[in-house]
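Visitor: Please read through the structure below; I'll follow up with questions.
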Amino acid sequence: MSYPKKLADIIALMEGLPEIERREMLVAYADQAKNQEPREGEVFDFEDFRKDEECTDSVGIYLKTDQEGRCHFRVKLGPQVQTLTRAMSSILCKGLDGLVLEELQAVPQDFVPKIVGAELVRIRSHTVYYLLTRMKTAAAVWKKRQARG
């Protein structure tokens, strides 16, 4: 499977790092999570802010589409959300930016261990896939609403 260019670049970077540097990079991505939050005055096509069982705090997924149908996400995380989820929010907002719905839905989850490492995937199996699933669901719900008119 070939990944979208932006995501493939992140995967290549992370795969090439020794484990300790990979974890440091994940912390750096987590520190950038605030940059992925909705900005004042932004209008979204779809908003889904809630707390699910598998997450320690609330997570908001905000989807905006452009005239070409390309998806642009923002993510707002509650204060108790863990570092790995914060890191994935930054990675996914950057790596999936500009995909059309069909491209987004076609992105497999198999890239996650390449980014976070097999050990963290094993320890945090539900958490590492949570945001990708929420983003795909948000885009699918928005598409269904559009089809209904």
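No value in this document is a laboratory result; all are computed from the given coordinates. Everything numeric here is computed off the predicted structure, so don't read it as measured data. Reconstructed Cβ throughout: ideal geometry from the backbone, glycine too, with neighbour counts over all protein chains shown.
Visitor: Give the average over all directions of the projected area of the C-alpha convex hull of the chain, one decimal, in nm².
Guide: Values: hull surface 36.0 nm².
Dividing the Cα hull surface by four gives the mean projection, 9.0 nm².
Visitor: Sticking with this one: Roughly what would the spin-label model give for residue 66 and residue 140, points 7 Å off Cα along C-beta, in nm?
Guide: With each label placed 7 Å out from Cα toward Cβ, I get 2.6 nm.
Visitor: Oh, and also: Using Cα pairs under 8 angstrom and six or more residues apart, how large is the relative contact order of region 5-148, in percent?
Guide: The normalised contact order for region 5-148 reaches 29 percent.
Visitor: Additional query: Could you check what % of the DSSP bridge pairs in the chain are antiparallel, to the nearest 5?
Guide: Taking every DSSP beta bridge within the chain, about 100 percent pair in antiparallel fashion.
Visitor: Sorted by packing (mean other beta-carbon atoms within 10 Å per residue), highest first, where do 84-91, 96-103, 129-136 land?
Guide: 84-91, 129-136, 96-103
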